[in-house]
Every structure is written in C-alpha cells, then in structure tokens.
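Each reported figure results from applying straightforward, stated rules to the coordinates on display, with no laboratory input. Note that the structure is a prediction, hence the values are computed from the model and not measured. Here the Cβ positions follow ideal geometry from the backbone for every residue, glycine too, while neighbour counts run over all protein chains shown.
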Amino acid sequence: MSIHRIRGTLKAGLAFAAGISSAVCQSNNTRIFEAEDAVLSGTEVDTATAGFSGTGYVTGFEDATDQVTFEVTSESLTLYDISIRYAGVYGEKRTTLVLNGGSTSEVILAEGDTWATVAGGQVLLEAGNNTIDLVSNWGWYLIDYIALTPSEPRAPHDITTILADPAADDNAHALYDYLVSIYGQNILSGQQDLAYADWVTENIGKTPAVVSVDLMDYSPSRVEFQGDIATTIEDALAHHERGGIVSVLWHWNAPTGLYNTDEEPWWSGFYTEATDFNIATALADTTNANYTLVIRDIDAIATQLKRLQDASVPVLFRPLHEAEGGWFWWGAQGAEPAKKLYSLLFDRLTNYHSIHNLLWIWNSLSADWYPGNSTVDILSTDVYAQGHGPLSTQYNQLIDLGEDKKLIAATEVGSAPLPDQLQAYQADWVWFAVWGSGYINNTEWNPVDVLTEVSLPAPSPES
C-alpha cells in the first residue's frame, strides 16, 4: 500500500498552534474542593471511615443519578489537571466525571481499604463559574475531595521508530511512518464495521480513514455452529482498495467449554460468563488438549491475516482487547495469563506463520497488564462516554504507560470527540474509532451535526 492512497478520508485536521497555550498555565498552585461542602444529590456526608480530609466525605453512590457537584471558579479559560481522593472499600469501581453538564469521562477507582488519590484527567474551565460532577456509574465508593492544578504544556512527543516485529514488511513500515508523521498534528477518524463506515459516508459525506473489522466469525468454535459465513476479510480488502486504513480486532470465541444455554448462547462465547475455558490452565502445559485448541484457533486466524498480507494490506492488529476488564475470557484469570497469551500470539503469528504486515496494538491502561514495549507498537483504550469529550484521562494514563514513546489510539469510543476539545486538552489520539451498532447512528450518542463538525477536511497525506 502506498501511503498517498490514503485519500478522501474523514479526519479531524487539528493543528496544535495558537490558542492552546492560552488555556494552559504553568503555575503549580493546587486548589482543593471538599466533597462534604459540595452540592449533593442522592448522596450524603459521613465520617465513619477515618483518614478523611476536612470535616467528612461523601458516600451513598448507589443509584445511577447519585452524584456530588463541585462548584469551582476560574479567572480565565484554563486547563487543569484534576485528581480525586477516594476510598475503594467496596472493590474496584468507576465514576463518571461531568464538566459543566456536558462532556464526560470515566475514572477507574481501584480497590483499597485506605484513602487514595487517582488522576482524573483534565478539565478545561471557563472564565467564571463552573461545575464538576462525580456521578455514580458503578457506584459504591467514598469521595473525599477533588484537587485542581493548572496543567503544564505538553512536551513534544518522542515516538520510537522501531517496530515490535523486526521483520515487519514495507507496508507495515509505511503505515507506521505515516501515523508517526501526523501524530500531534492530525487525528484520523475511524469507524467499527464497513457497513457503518458506509453509513457515515452516506449521511455525513466523508469516509472514515480507519475502518475496524472483527475476526470473530473465523473463530473455530463459531464456525462449528454457523459454518463459514464470515466476510470480514472481504470488507477489509474493500476499504483498503478505496484508500483506507484497516484495523482488526478479534472477539475470540473460547476454543471450547461454551455453555450454549438460553442465557449464555454459543455466539456469546467470548464473554467470561459464557464459558468455563480457563486460559491460565491451558497455557500451563503445552501438551494439554486446551493448549492445542488455542494453537488451532491462532492458526485459523493466521490464515485470514495472510490473505491481507498477500494483498499488501498493512493491518492495525488489536488482539485480546479490554483484557483487564475481565469480562472476556482472555482476561478472566488476571494479568499474567493474558500477557502470556499475547506473547504466544505474537510469536506464533510473526515467527511461525511469518506474518509481517501487522502493527501490534495493546488495549489496556494498567501497567500490571502491559506485556512490554518490545511486542507493542501502539497503545490504546476503549472508552464509552457521552458528551464528545477528549478522553484526556485515558490519554494521559497511556502517555505515562508508554513513557510518551508509543503512538496512542482510542480504538473504541461511544461518541466522537470534538476537534476543539481534543486540541484544548492536548489529547493527541492518532485515531479514534466509533463503535457501530447502537452508537454511530444513535443521535443520543452522535448527533449528525456533531459528526459533521468532527469531519473537518484536512489535506491528504503525501507519500
């Protein structure tokens, strides 16, 4: 694939120039806002858990609308780092951060029996009065306070030029070099599934640069039930032929152990709750039957990836996505088995099958789950938050995870982020991809006027 063939794409042309610095202050002044002094809705002040700041903390996040609202002021339009002091005494939870009743982001609150502080990303405060809500989401956590510190300007990125696969082919190198060349300047828009990308073309008038396709139906345990019906590779080839970039994920139906009940049918076999397949046990002994089935499945996917390699299609490859969530079987036994499986995938595809057209994407925020720089080209995360915000919380976490030496992508989003928000928050996602069913054509998540604003024209890249 020649890079100049990436043409006519829907992408947000964001030039990081005048206007950003006006919203970024270099002061180290931190302001603390106590939760017990905020406006409460469905929540209450408590003092039973010792170690809090001020005169108490807020609890009672149970229903979906329960929240605490902080009223804050700013002398000018300023970007702030926000941190949250909390206690995760009921296990790992998530809270939704809402700025001025609009853009939202999700913050993970780790489990712990003591008070802790977590980075909540950034908030762009308007001059004058602002509100910051922490809304229940998963609920069942304690909030002590939030702290706001003016953000520092982001230093220039220092992205590595070395690919994870030492034998990566010219097509993979060309795509990677192109992505590096636009990083921090332009952001590519993407879409899950070719059919929904075509919907964008028909309704917005622009074609997404990146289309993500799913190898799910090539999973052998799905083929056993439904036959060979997949057209994923044909979709990928079609998008490539029109000058687009192909991304691939794999909802890997468990190799065996599907419950196949009315509640957990065979076609939901990638979910932890739909199978008793244990990847830790399977990988513990290379002679056991389940390990053999894992290899069988990888080899089946290799056959499909080779079709793309033979057609000179470079691929943004994102296996084992959302592993740290635990809702997919490949993450159900924890970080170490998931990382071991990723390493097996990498070795089997690159060394055994000689597939060298892949850029390898890791899809997790936690350092504990990271397989390491040597087998990862691009860091990514999946975020489903309404409001078209910049997802800066997750972006900054990935900056830290990769020490700002890896490209960073928002590989699944619910609502398309707005270009001005991305620019103001210094959230330099190299691309984002909106999920298909229930999201891209759902006006509650993506009104047509917002999608039109996102599809700002930008010059086609040159080879």
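Quick rundown of the values:
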| read-out | value |
| --- | --- |
| Förster radius 25 Å - calculated FRET efficiency between D37 and Q386, Cβ distance, rounded to 0.05 | 0.35 |
| Semi-axis lengths, Å, segment 124-164, gyration tensor of Cα atoms, sqrt of 5 times eigenvalues | 33, 21, 10 |
| Antiparallel DSSP beta bridges within the chain, percent to nearest 5 | 60 percent |
| Prolate/oblate/rounded label for segment 257-318 (Cα gyration tensor, a/c 1.5) | oblate |
| Principal-axis tilt of helix 232-241 within the chain, Cα atoms, nearest 10 degrees | 80 degrees |
| Where only C-alpha atoms are counted, convex hull volume of segment 284-430 per residue in Å³ | 121 Å³ |
| Gain upon complete extension [N29, A300; 0.36 nm per residue less C-alpha separation] | 92.0 nm |
| Estimated vicinal HN-Hα couplings, Hz - segment 38-46 in sequence order (Karplus 6.51, -1.76, 1.60; Gly, Pro = x) | 8, 8, 9, 9, x, 10, 8, 7, 9 |
| Relative exposure of L237, L109, judged by other C-beta atoms within 10 Å (fewest first) | L237, L109 |
| Descending principal axes extents, the chain, alpha-carbon based, whole Å | 63, 50, 38 |
| Residue-averaged [θ]222 nm for the chain, counting only DSSP H segments that reach four residues, each worth -39500 (n - 2.57) | -7000 deg cm²/dmol |
| Ranked D133, D404, criterion: other C-beta atoms within 10 Å, fewest first | D404, D133 |
| Segment 343-384 residues near the modelled E336 label - backbone nitrogen below 19 Å, point 7 Å along Cα→Cβ | 343-345, 366-372 |
| Angle between the chain longest axis and helix 392-401 axis [Cα atoms, degrees, rounded to 10] | 60 degrees |
| Spin-label pair E75/E202, simplified geometry with 7 Å Cα→Cβ offset, distance in nm | 5.5 nm |
| About the Cα centre, charge dipole magnitude for segment 332-463 (Lys/Arg +1, Asp/Glu -1 at Cβ), debye | 460 debye |
| Listed residues A254, H356, S212: farthest to the positive end of the dipole of the chain (Cβ charges) | H356 |
| Cα gyration tensor, segment 85-167 - rounded (a/c under 1.5), prolate or oblate | oblate |
| Within the chain: Cβ-based charge dipole about Cα centre, in debye rounded to nearest 20 (Lys, Arg +1; Asp, Glu -1) | 1300 debye |
| Share of Cα-Cα pairs in segment 43-104 lying beyond 21 Å, as whole percent | 34 percent |
| Quarter of Cα convex hull surface for segment 217-333, i.e. mean projection, nm² | 7.8 nm² |
| Gain in span if fully extended, E403 to T292, counting 0.36 nm per residue against the direct Cα distance | 36.3 nm |
| Listed residues A174, N100, A116: farthest to the positive end of the dipole of the chain (Cβ charges) | A174 |
| Sites T55 and T160, calculated FRET efficiency, Cβ-Cβ separation with R0 41 Å, nearest 0.05 | 0.25 |
| Fraction of beta bridges assigned by DSSP in segment 226-378 that are antiparallel (%, nearest 5) | 20 percent |
| Two-site label geometry, D368 and W138: point separation in nm, points 7 Å out along Cα→Cβ | 1.2 nm |
| Burial ordering of D165, D46, fewest other beta-carbon atoms within 10 Å first | D46, D165 |
| Radius ratio Rg over Rh of segment 105-261, counting only Cα atoms, Kirkwood formula for Rh | 1.06 |
| FRET efficiency for A195 and E453, using Cβ-Cβ distance with R0 set to 30 Å, rounded to 0.05 | 0.80 |
